[in-house]
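What follows is one structure encoded as structure tokens, with my remarks underneath.
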Amino acid sequence: MSTGMRADARDALRDTIPVAMGYLPLAAAYGLMLANTGIDWWWAPVSSLLIFAGAMQFLSVGLLAAHTPLAEIFIATLLVNFRHVFYGLSYPMDKLKRTPARVYGVFALTDETYSLLAGKADQNISGRRITLIQLFSHGYWILGSFVGALGAMALPDSIAGIEFSLTALFLVLTYEHAIKRENLPAVVMGVLASAVAFAIGGKQFLSVAMGVFLCLVLANYPIVSRKASRESGLRTSGSPDHGVDDAPAASDAVPSAAESR
């Protein structure tokens, strides 16, 4: 393994420690729930490998147990995961040079990995490190669901509080964003969108919150664009002027009589 590969793997492993703390217990709860419905235990790791959809996997347990038609499962999946369309607008696809990495990057884009990558937007992060972050996160989810499914026979039917692990993970990621001054506008917009959705969204809280947040982002775009243009203009005006002032002085350009000898 090359030095660069080892460094990227080490950094990606460190980056995903908070993800592991949320994914392992939550995926274990998913595996436990799936096995308790009577579905063969091995479907837990297999579905985590092939689907890797978090909340949708929890929803799929009830849908599969009820023998829901595939068309309805498809519609439910589209509605639950439609937010990923917006994640793709700022996903650093340009840093993934090879087609397999691009395809896997789209497949393995989750709320947590997106949050990690968004928090490192100002860093010169490599495409390999991005892929490793997603691979490690995916591995945590598969491992957790595998352990949960195997332990279904020994553990109680329900473990109170385990469902809060994903919320706790989001709280940690939100805190890491909020402490950076440049992220404050996004945090404020997220809080406002959540408040509006809490007031009027009802059961459609997530959809309303995302819609309000999108409107706020679009409204803020002209402000950010003007600020970026102004800063760019200041940098340009502050650059050295290669004009008359840089021209050599006449005394320097014309050799003296002594020098001409």
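The values are calculated or read from the model by the stated rules, or taken from the named source; none is laboratory data. Keep in mind that what you see is a predicted model, and the values were worked out from it rather than measured. Ideal geometry is used to build each Cβ from the backbone, glycine not excepted, and the neighbour counts take in all protein chains shown. Ligands, DNA and RNA are excluded from the accessible area calculation, which covers all protein heavy atoms including side chains. Shrake-Rupley method; radii C 1.70, N 1.55, O 1.52, S 1.80 Å.
A compact table of results
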quantity: Matching residues in region 41-66 - criterion: being modelled with pLDDT under 80, more than 24 Å from GLN134 (Cα to Cα) and either open to solvent by 70 Å² or more (accessible area, probe 1.4 Å) or part of a loop (DSSP other than H, G, I, E, B) (or both); calculated: LEU64, ALA66
quantity: Failed item in (1) in contact with a helix residue (DSSP H, G or I) (Cβ under 6 Å, 6 or more places away or on another chain); (2) of a type in the set (Gly, Ala, Ser); (3) in a loop (DSSP other than H, G, I, E, B), with GLY38 passing the rest; calculated: (1)
quantity: Qualifying residue in region 159-166 (condition: modelled with pLDDT under 80, open to solvent by less than 90 Å² (accessible area, probe 1.4 Å) and under 20 Å from the mean Cα position of the chain (by Cα)); calculated: yes
quantity: Matching entry among PRO69, PRO100 (being over 17 Å from the mean Cα position of the chain (by Cα), open to solvent by 40 Å² or more (accessible area, probe 1.4 Å) and over 30 Å from ARG128 (Cβ atoms)); calculated: PRO69
quantity: Single condition GLY38 does not satisfy, out of (1) on the phi < 0 side of the Ramachandran plot; (2) surrounded by fewer than 19 Cβ atoms within 10 Å (Cβ to Cβ); calculated: (1)
quantity: When residues of region 176-210 are limited to those that are within 24 Å of LYS120 (Cα to Cα) and not in a helix (DSSP H, G or I), the one least open to solvent (accessible area, probe 1.4 Å); calculated: LYS180
quantity: Matching residues in region 82-104 - criterion: being outside any loop (DSSP other than H, G, I, E, B) and farther than 24 Å from LEU171 by Cα; calculated: MET93, ASP94, LYS95, THR99, PRO100, ALA101, ARG102, VAL103, TYR104
quantity: Single condition GLY105 does not satisfy, out of (1) surrounded by 14 or more Cβ atoms within 10 Å (Cβ to Cβ); (2) over 24 Å from ARG6 (Cα atoms); calculated: (2)
quantity: Residue satisfying all of: in region 212-254; of a type in the set (S, T, N, Q) and more than 30 Å from ALA195 (Cα to Cα); modelled with the lowest pLDDT among these; calculated: SER251
quantity: Where a residue in region 138-153 is under 13 Å from LEU34 (Cα atoms) and its partner, wherever it lies, is not in a helix (DSSP H, G or I), with Cβ under 8 Å and at least six apart; calculated: ALA149/TRP41; ALA149/TRP42; LEU150/TRP41; ALA152/TRP41
quantity: Options ALA44, ALA108, ALA71: the member that is free of Cβ contacts under 8 Å to residues at least 40 places away in the same chain and among the aliphatic types (A, V, I, L, M); calculated: ALA71
quantity: Single residue of region 1-32 satisfying the filter (over 17 Å from ILE125 (Cα atoms) and under 15 Å from the mean Cα position of the chain (by Cα)) that is surrounded by the most Cβ atoms within 10 Å (Cβ to Cβ); calculated: TYR23
